[in-house]
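The values are calculated or read from the model by the stated rules, or taken from the named source; none is laboratory data. Just so you know, these numbers come straight off a predicted model, no measurement behind them. Counting neighbours? That spans all protein chains shown, and the Cβs are built from the backbone with ideal geometry, glycine included.
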Amino acid sequence: MLNNFPLWPVQASTLAHRVDALYIFLLVIGGLMALLVCTLLIVFAARFRYRPGVRAEQIEGSTALEITWSVIPFVVFMAIFVWGSAVYFSERTPPADSTEVYVVAKQWMWKVEHAEGQREINELHVPVGRDVKLIMTSQDVIHSFYIPAFRIKQDVLPGRYTVEWFRATKPGVYHLFCAEYCGTQHSGMVGDIVVQDPAHYEAWINGSPSGPLSATGEKIFAELGCSTCHRSDAQGRGPDLQGVYGTPVQLEDGRIVTADENYVRECILDPGSKRVKGFAPIMPTFQGLVSEEQVNALVAYLKSISTSKPAEGARTSARTATPEAPGKAQPNGSQVQ
Ligand SMILES: [Cu+2]
């Protein structure tokens, strides 16, 4: 019967029932409180109604009552808080070995690039039962990637990456909506999430004509001249990027940051904001020279040459221990290129 009268979108991800359970709990608590208040209102109105000759008697407070109505709500609210944070943190933390998909939003469409090289528009093919991490950015205004059946929604911002993840549990086609008003055709910024069983998905994903995204990235890396400064033989003027992704990086200003997607993105588009310690600030900005898709491909490439991390600690210490190695010293960018 509930199938003909759906109160909820289908539950098609591992997170869906957890979000629903919390929501139902909030509804029940809220409903019970409303019921309690209304009942007491009616009961008291009847019980303490005006009767000739009867005077109200002044009550001086009740410690027992006050403790009860403080402690019970406190316990309930703490339960909601702990439960809500547990759901929130699992929704916010993509599992480490997720399949990665890059999403670029623009007025008014969703462009999707799979790490394997497949591209699609307003459609996202994913396998059932596998963790999928979406690495998203926008080419223009703020959008929001919303899949009701998965109970996930995340703003997609220009100028940086935001991330969301899911594990689909049921094959099928589900709605994708933009959930942030983004201009006149915002309501048309929709798409399909196509969840396939693994065999169909493999067939689909391997039909890619362009090769993996990381290979595209490697090509761009050479074309834009990144490879002239970033060389693997340590003779370049920039740091060797092999193994950098995912490791801590010591910056010139003393900060230590993790080389994640946003770090790499910033290095390319705004290198001045985070200079690696021990190197001359000669890296030029590529703002305006690369498209969002190219940045994504570069990120995928740098990830691909870092998957087999050798010795993380060794690498960072080696880098910070040799500031301005003789071959690399540059008088502040005077001989760029
Ligand atoms: Cu939008």
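Does segment 23-45 contain at least one residue that is part of a helix (DSSP H, G or I), of a type in the set (Phe, Trp, Tyr) and either in contact (Cβ under 8 Å) with a residue 60 or more places away in the chain or over 30 Å from His175 (Cα atoms) (or both)? Yes, because at least one residue in segment 23-45 is part of a helix (DSSP H, G or I), of a type in the set (Phe, Trp, Tyr) and either in contact (Cβ under 8 Å) with a residue 60 or more places away in the chain or over 30 Å from His175 (Cα atoms) (or both).
Before we move on, is Arg167 more than 10 Å from the ligand (Cβ to nearest atom) and at pLDDT 95 or above? Judged against the criteria, Arg167 is a match. Of all the numbered requirements in (1) in contact (Cβ under 8 Å) with a residue 60 or more places away in the chain; (2) surrounded by 15 or more Cβ atoms within 10 Å (Cβ to Cβ); (3) over 27 Å from the mean Cα position of the chain (by Cα), Tyr201 misses one, and that requirement is (3). Taken as a whole, the structure leaves Val87 outside the set of residues that are within 16 Å of the ligand (Cβ to nearest atom), at pLDDT 95 or above and not in a strand (DSSP E or B).
Here Ala105 meets the list (1) in contact with a Leu (Cβ under 7 Å, 6 or more places away or on another chain); (2) small (Gly, Ala, Ser); (3) within 16 Å of the ligand (Cβ to nearest atom) almost entirely, failing just condition (1). When Pro52 is tested against (1) loosely packed, with under 10 Cβ neighbours inside 10 Å; (2) closer than 30 Å to Ala86 by Cα, exactly one condition is not met: (2).
Output the residues belonging to segment 270-304 that are in contact (Cβ under 8 Å) with a residue 60 or more places away in the chain, over 27 Å from Asp97 (Cβ atoms) and buried (at least 18 other Cβ atoms within 10 Å of the Cβ). Residue satisfying the conditions is Phe286 alone. The residues of segment 137-164 that are in a strand (DSSP E or B), aliphatic (A, V, I, L, M) and either within 10 Å of the ligand (Cβ to nearest atom) or not assigned by TED's automatic domain parsing to the domain that holds Cys182 (or both) amount to a single one, Val156. Test Ser98 against the criterion of being hydroxyl-bearing (Ser, Thr, Tyr), within 30 Å of Asp140 (Cβ to Cβ) and surrounded by 10 or more Cβ atoms within 10 Å (Cβ to Cβ), and give yes or no. When the stated conditions are applied, Ser98 passes them. Report, by residue number, each residue of segment 170-192 that is within 16 Å of the ligand (Cβ to nearest atom) and among the aliphatic types (A, V, I, L, M). Across segment 170-192, the qualifying residues are Leu176, Ala179, Met189, Val190.
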